[in-house]
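Only one structure is covered here, and it is reproduced in the block below.
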Amino acid sequence: MNLANRLTILRILLIPVFLVLLYVSEDPIIRYVAVFVFIIASLTDLLDGHIARSRNLITDFGKFMDPLADKLLVTAALIYMVEVGQIAAWIIIIIISREFVISGLRLVAAAKGIVLAASWWGKLKTATTMVMIIVVLLELPFAFMGSVEWVLIAASTLFTVISGTDYVLKNLEVFKGSM
């Protein structure tokens, strides 16, 4: 169990902490603490990937658990946001559906011995979605924040659709011979 994998496990363990903080109180300070936990968990993703690559600590466990931990963290936040009425369910369905499609494509590719690299669009989608989650969850009391939240939600949704479409179109060869 190397450092990168420990950080991935830490990210998974922070998910219930994040959710409990969101659910136990409506106090804005507790909400800010929850968002801080989300930010720390999100940053462990950057850190564990950097450590794994720079120290040659890439493992099968990490290849499997790292993207799963990311999806669990983001999905937990998005579902909470739907439950409390901060974001429309159809938007979350688009975001989560993209994750299922890309995960399925990666599984098919892996079964054929093909490694599919993350794209620039996917990285932009991830960054935008993380920022959107943070900003929406903060519920900052400024008049312009509704517009900022709307722009971030729209951008996250748009980049989700673009990155998913780009990823599938660039990797159609994975399906050759199986259709």
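Need the failing condition index for F64 against (1) within 18 Å of the chain's Cα centre (by Cα); (2) buried (at least 16 other Cβ atoms within 10 Å of the Cβ); (3) over 24 Å from L137 (Cβ atoms), just the number.
In the conditions (1) within 18 Å of the chain's Cα centre (by Cα); (2) buried (at least 16 other Cβ atoms within 10 Å of the Cβ); (3) over 24 Å from L137 (Cβ atoms), F64 misses (2) alone.
Any idea which of I15, I29 is among the aliphatic types (A, V, I, L, M) and free of Cβ contacts under 8 Å to residues at least 60 places away in the same chain?
Going through I15, I29 in turn, the sole match is I29.
Hey, I12 hits all of (1) over 24 Å from V101 (Cβ atoms); (2) surrounded by fewer than 19 Cβ atoms within 10 Å (Cβ to Cβ) but one; which does it fall short on?
Failing condition for I12: (1).
State whether one or more residues within the stretch 100-109 are under 16 Å from I153 (Cα atoms) and open to solvent by 40 Å² or more (accessible area, probe 1.4 Å).
no
Hey, does the stretch 115-138 have a residue that's within 18 Å of I40 (Cβ to Cβ), touching a residue at least 40 places away in the same chain (Cβ under 8 Å), over 16 Å from the mean Cα position of the chain (by Cα) and not in a loop (DSSP other than H, G, I, E, B)?
yes
Consider F144 carefully, then state whether it is over 30 Å from S25 (Cβ atoms) and at pLDDT 95 or above.
For F144, the condition - over 30 Å from S25 (Cβ atoms) and at pLDDT 95 or above - is not met.
Considering only the stretch 15-24, state which residues are open to solvent by 40 Å² or more (accessible area, probe 1.4 Å) and either among the hydroxyl-bearing types (S, T, Y) or in contact with a helix residue (DSSP H, G or I) (Cβ under 8 Å, 6 or more places away or on another chain) (or both).
The answer is V17, L19, Y23, V24.
Could you please find all residues in the stretch 32-47 being open to solvent by 70 Å² or more (accessible area, probe 1.4 Å) and either β-branched (V, I, T) or in contact (Cβ under 8 Å) with a residue 60 or more places away in the chain (or both)?
Y32
Please find, within the stretch 139-179, the residue that is least open to solvent (accessible area, probe 1.4 Å) out of those that are part of a loop (DSSP other than H, G, I, E, B) and small (G, A, S).
Checked the stretch 139-179; the qualifying residue least open to solvent (accessible area, probe 1.4 Å) is S178.
The values are calculated or read from the model by the stated rules, or taken from the named source; none is laboratory data. The shown structure was predicted, so the numbers you read here are calculated from the model rather than taken from an experiment. Because the Cβ atoms are built from the backbone with ideal geometry, glycine has one as well, and the counts that use them run over all protein chains shown. Ligands, DNA and RNA are stripped out before the accessible areas are found, and what is left, the full protein with its side chains, is counted by its heavy atoms. Shrake-Rupley method; radii C 1.70, N 1.55, O 1.52, S 1.80 Å.
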